[in-house]
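Asks: My structure is below; once you've seen it, I'll send some questions.
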Amino acid sequence: MTGTTIRAITPHVLMAELSEPFAYSQAWYRRRGAMLVEITTEDGITGWGEAFGPPELTAPIVVWLAPLVIGQDAMAREAIWQALYNRLRDHGQRGLVVEAISAIDIALWDIAGQALGLPVHRLLGGPLRLEIEAYATGFYRRERGDHLQYLVEEAEQRRAEGFRALKLKTGWGLKQDIALTREFRAAIGPDCGLLVDCNHAYDATAAITYGNAVADCDIGWFEEPVPPEDIAGYLEVKARQPLPVAGGEASFARWGFAEMIARRSVDILQPDVAACGGISELKKIADMASAFGVRVNPHVWGTGVTLAASLHLLAVIPDNPPGLFPRPPLLELDRSPHPVRDEVTSMPAISAEGRVRVPEAPGLGVQVDRDALRRFAV
Ligand SMILES: [Mg+2]
């Protein structure tokens, strides 16, 4: 037994009611939660991880996996990842199981960094960059008010905070989406970056109609035009409309991304560190994408734990293509309501130029407020 032997692993299911519900194209959010994983070692280091996905469903998987983790050396991240994935391969190659493994892997990187006194991006061989340009996610549907009016007000707020690019949520019906996109672009002006995300609300036919109808709106990417299983649909959308196509937040582990990369079903790959298999797996996915010339922009939608893990990866994702003037990856910074995120975890600040610094403290460099953790515990 060494000091970094794992002593305990605890999932925390956290939930908060939202004062104002909001919707994306697939569901209304009335409550919003998080599933954080706490791993402690014999010498008293605590690492934090997080799983994307319903907290009440991922937490029991962590409990089930705990006997395979306790007693192992926390530094043996790769060995632990493979043991967990192989144990459930026949039942969980995607979805909740890989999300639970993601949380464990992130916590182990946090421990390794603290044990060695180094930030995670340095363990990953970085940094290539320590400041990441952020774009604002939000722009959801509300129950009351004029949709375009409150979206434009939200855009003004984000621009004032420093953001130079915004991601508009669509998927409210094709006709309405086309009109909304055109009106929103006109309202924010030509200098602001604009991305669109319908969360797979279309089939390929509708996505092609949409992409062509907003071709003159200077859109950086069209995210999840069709359901993640529909690789042929992605290929059709890429071929028959002009917007760059993004996707990957609902894909899992190297094998799920290998098909997307090899078949070139997206222009921009969006693995989520809290879903795709953790920091270990996202780095492998980013390196595979680099070999095939596919851009990588991680999907980020959690607490400060997921955000910190994503920032360390953003510090080392290879430039695609390399050069004196590369196009660096962007940070997705979610600005929609999330009381658990805001009160439980420390969040990095955004600069007046719309940039966020990669943490330089040992490990992930994220603080967890124990009192808040107890307040939101289910
Ligand atoms: Mg999305």
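Asks: Could you give me the ³J(HN,Hα) list for segment 89-99, computed from phi with Karplus coefficients 6.51, -1.76, 1.60 and θ = phi - 60°, whole Hz, x at Gly and Pro?
Replies: Computed from phi, the couplings for segment 89-99 are 3, 5, 10, x, 6, 8, x, 4, 5, 5, 5 Hz.
Asks: Same structure, new question: Would you mind checking which residues have amide H under 5 Å from Ala165's amide H? H placed 1.01 Å from N; only 5 or more apart, or other chain.
Replies: Under 5 Å from the amide H of Ala165: Ala136, Gly193.
Asks: If each residue's Cβ is checked for other Cβ atoms within 10 Å, how do Glu133, Glu224 rank with the fewest at the top?
Replies: The order, fewest Cβ neighbours first, is Glu133, Glu224.
Asks: So what is the relative contact order for segment 122-357, in percent, with contacts set as C-alpha pairs under 8 Å and at least six apart?
Replies: About 24 percent, as a whole number.
Asks: Could you calculate the contour length gain from Glu42 to Thr10, that is, 0.36 nm times the residue separation minus the distance between their Cα atoms, to one decimal place in nm?
Replies: Working it through step by step, the gained length comes to 10.1 nm.
Asks: Ok, one more. From the phi of every residue in segment 55-62, what ³J(HN,Hα) in whole Hz does the Karplus formula 6.51 cos²θ - 1.76 cosθ + 1.60 yield, where θ is phi - 60° and glycine or proline is x?
Replies: Result, ordered by residue: x, 5, 9, 7, 4, x, 5, 4 Hz.
Asks: A follow-up question, please. Multiplying the sequence separation of Leu18 and Arg89 by 0.36 nm and subtracting their Cα-Cα distance, what value in nm do you get?
Replies: Between Leu18 and Arg89, full extension yields 21.9 nm more.
Asks: Quote the FRET efficiency, to the nearest 0.05, computed for Tyr29 versus Asp287 with a Förster distance R0 of 41 Å and r equal to the Cβ-Cβ distance.
Replies: 0.75
Asks: Cα gyration tensor of segment 182-313, axes a ≥ b ≥ c as square roots of the eigenvalues: rounded (a/c below 1.5), prolate (a/b > b/c) or oblate?
Replies: Note, shape of segment 182-313 comes out oblate.
Asks: Classify segment 122-357: rounded, prolate or oblate, from the alpha-carbon gyration tensor (a ≥ b ≥ c, eigenvalue square roots; a/c under 1.5 rounded; otherwise prolate if a/b is larger than b/c)?
Replies: oblate
Asks: Given H placed on each backbone N at 1.01 Å, which residues far from Val13 in sequence or on other chains put an amide H within less than 5 Å of it?
Replies: Amide H to amide H, under 5 Å and 5 or more residues apart or across chains, Val13 pairs with Val378.
Asks: Now for a separate question. If neighbour count is taken as other Cβ atoms inside 10 Å, put Ser25, Ser346, Ser310 in order from fewest to most.
Replies: So the ranking, lowest neighbour count to highest, is Ser346, Ser25, Ser310.
Asks: In addition: Only Lys, Arg, Asp and Glu count, each charged at its Cβ (+1, +1, -1, -1), so figure out the dipole size of segment 122-357 about its Cα centre, rounded to 20 debye.
Replies: Value, rounded to 20: 440 debye.
Asks: Starting at the first residue of segment 233-248, write each ³J(HN,Hα) from the Karplus equation 6.51 cos²θ - 1.76 cosθ + 1.60 with θ = phi - 60°, in whole Hz, x for Gly and Pro.
Replies: Those phi angles translate into x, 4, 5, 5, 5, 4, 7, 10, 8, x, 6, x, 9, 10, x, x Hz.
Asks: Another question, then. Bin width 10 Å, origin at 0, all Cα-Cα pairs of segment 6-117: what percent of pairs per bin?
Replies: All Cα pairs, binned at 10 Å, distribute as 15, 43, 27, 13, 2 percent.
Asks: Tell me what the chain gives for mean residue ellipticity at 222 nm when only DSSP H runs of n ≥ 4 count, each as -39,500 (n - 2.57), the sum divided by the residue total, rounded to 500 deg cm²/dmol.
Replies: Calculated mean residue ellipticity at 222 nm is -12000 deg cm²/dmol.
Asks: Let me ask another. What residues have an amide H closer than 5 Å to that of Gly363, excluding those fewer than 5 places away on the same chain, when H is modeled at 1.01 Å from N in the peptide plane?
Replies: Under 5 Å from the amide H of Gly363: Gly113, Gln114, Leu118, Val120.
Asks: Moving on to the next point. In segment 122-357, what % of DSSP beta bridges are antiparallel (nearest 5)?
Replies: Just about 15 percent of them are antiparallel.
FYI, it's all coordinate maths here, none of it is from the lab. In this text, all values refer to a predicted model and were calculated from it rather than measured experimentally. Every residue, glycine as well, gets a Cβ built from its backbone with ideal geometry; the counts of neighbours run over all protein chains shown.
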